[in-house]
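Any read-out appearing in this document is the output of simple, stated calculations on the displayed coordinates, not a laboratory observation. As the structure is a computational prediction, the values presented were derived from the model and not from experiment. Because the Cβ atoms are built from the backbone with ideal geometry, glycine has one as well, and the counts that use them run over all protein chains shown.
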Amino acid sequence: MRLTVFALALCPFAAFAAGSDDPAPPKPTETTEVCAEGLIWDLATQSCMAPEDSTNDDSARLNDVRELAYAGLYQAALDVLDTLNNPDAPLALTYYGFAHRKAGRVDLGMAYYDAALAADPNNLLARSYAGQGHVASGQMVLAQAQLTEIRMRGGRDTWAETSLAQAIATGAGTNY
């Protein structure tokens with residue numbers, strides 16, 4: 001683990017980012033570069049729209065959520081989540097947890113992680129983010145328990161494992 005954490009310190013994007021096959025943070029799109037705050041880029045109309053008016057499917061909306069959250073626009077990310085056709089999907093619950101936790105509503109964020117894990121105990125992303133929440137709250141035993149769960153559930157050498165291991169080692173979590 002120390003070698004992995006050391007490697008991450010030298011190359012912080014060596015681990016894969018959550019929700020992506022790309023190890024880097026989400027790339028800005030029209031949603032954050034063209035659209036006014038509170039609007040998202042609608043793929044069909046090629047224009048900025050209110051999330052509730054967009055024709056984007058849940059997958060495209062979740063990409064917007066990830067991009068908005070990375071940009072620190074947590075309320076905008078939550079507003080998009082509220083328009084999903086399936087807001088109870090484990091990934092949606094995970095992103096609700098992330099946006100609420102990063103916006104300072106830690107208890108609410110942790111409750112969403114719990115719901116995501118109740119829906120899918122193998123949700124390694126929710127485990128990693130919950131563990132990072134525990135790190136931020138100084139609850140290192142609980143963070144370590146999530147890291148152990150990630151490893152026991154086949155998550156060795158994944159973004160979920162390496163980002164949580166890095167958070168435990170440094171005391172700081174990730175923004176994506």
Log10 I(q)/I(0) at q = 0.22, 0.26, 0.30 Å⁻¹ for segment 132-176, from Debye over equal alpha-carbon scatterers, is -0.64, -0.87, -1.09
The set of residues whose placed amide H lies less than 5 Å from the amide H of SER47, leaving out same-chain residues fewer than 5 positions away, is ASP42
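Based only on other Cβ atoms within 10 Å, what is the fewest-to-most ordering of LYS102, LYS27?
By the 10 Å Cβ count, ascending: LYS27, LYS102.
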In nm, the gap between the two label points placed 7 Å beyond Cα toward Cβ at THR45 and THR29 is 1.6 nm
